[in-house]
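FYI, it's all coordinate maths here, none of it is from the lab. Computed from a predicted model, the values in this text were never measured in an experiment. Don't worry about glycine lacking a Cβ; one is built from the backbone with ideal geometry, like all the others, and counts go over all protein chains shown.
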Amino acid sequence: SSNLPLRKKKVLITAGPTYEAIDPVRFIGNHSSGKMGYELAAAAHAAGAEVILISGPTHLQNPNEDIKLIRVQSAMEMFEATTKYFSEVDVAIASAAVSDYRPRISATQKIKKSSEIMELELVKNPDILATLGSARKNQVLVGFALETENEEENAAGKLERKNLDFIVLNSLNDQGAGFKSETNKIKILFRNGTLKAFDLKSKKEVAQDILTEIIGLLNA
Ligand code: C5P
């Protein structure tokens, strides 16, 4: 029905940061709060979807007990969980701020302070979204791009490389947009080159706008 436009649909969402362990007490992370992804999960659930939310470390609670919340720490764990469920979903939205690199070695004991200069060797993490992009059959696939410069050009490249239906741009340059904020200001870039700009809104309203676009694609 129009009340539950995602009834009988399965939606997978990645959210939050990833933590890449350096040793048992330290990690490499980022400032992602997870809010955007959790709002997307709540909105998809409210629209009737079966929701799988794969989340890095956040302070947020599961928006609804019917949402299957899988908590992970690292990019590798997020990769495992996401690729495990992807084939059974109709829609995947990658809103997680995945660490591009991880320490090559995670020390089993706390690293001791010693020399003046300390080097940490990093290796690349798999690109979760790009992996979904090459595996996808009929699924709708949506990504995010957070840029500090050349945002539209960079987003267009990601849309193409990761084989997405559309990419959501949020700029750190916009007041009230991005990581810890309650609000967000987005643009959506589609495969055909159309760029839709939205006003500054609550993340809840932004989630609704994104879902409306996804529902449009599912019904096209
Ligand atoms: O390439 P970049 O990290 O800027 O792309 C951002 C998009 O790709 C986001 O949707 C993010 O969730 C996803 N991504 C991912 N796995 C990575 C890196 C990014 O799923 N390792």
**OP:** Take every Cα-Cα distance within the range 103-157, group them into 10 Å bins from 0 onward, and report for each bin the whole-number percent of pairs it holds.
**Re:** 16, 28, 25, 21, 9, 1
Original post:
Pick from LEU120, LEU195, LEU53: which is most flexible by mean-square fluctuation in a GNM of the chain where alpha carbon atoms under 10 Å apart are linked?
Top reply: LEU120
Subject >> Estimated FRET transfer efficiency (THR83, GLU116; beta-carbon r; R0 45 Å; 0.05) >> reply: 0.60
Original post:
If you count the DSSP beta bridges with both ends in the chain, what percent of them are antiparallel, to the nearest 5?
Top reply: 40 percent
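Quick one: putting +1 on the C-beta of Lys and Arg, -1 on the C-beta of Asp and Glu, what dipole do you get for the range 1-151 around its Cα centre, in Debye to the nearest 20?
Details: 17 positive and 18 negative charges, 94 e Å.
Computed about the Cα centre, the dipole is about 460 debye.
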Subject >> Percent of Cα pairs exceeding the 22 Å cut-off, where the set is the range 22-121 >> reply: 40 percent
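Longer than 21 Å from Cα to Cα, which of LYS162/LYS187; LYS68/LYS187; LYS68/LYS137; LYS137/LYS201; LYS10/LYS84; LYS124/LYS162 are they? Say none if no pair is. Write out the running numbers ahead of the final one.
Values: LYS162/LYS187 18 Å; LYS68/LYS187 29 Å; LYS68/LYS137 23 Å; LYS137/LYS201 33 Å; LYS10/LYS84 14 Å; LYS124/LYS162 17 Å.
Cα-Cα > 21 Å for LYS68/LYS187; LYS68/LYS137; LYS137/LYS201; rest within.
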Original post:
Along its principal axes, what span do the Cα atoms of the chain show, with the longest given first and each in whole Å?
Top reply: 63, 37, 32
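Can you give the FRET efficiency to the nearest 0.05 for ALA220 and ALA135, using r as the Cβ-Cβ distance and R₀ = 30 Å?
On the way: r = 22 Å, r/R0 = 0.72.
The calculated FRET efficiency here is 0.90.
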Original post:
For labels at LYS8 and HIS59 in the simple 7 Å Cα→Cβ model, what's the distance in nm?
Top reply: 4.2 nm
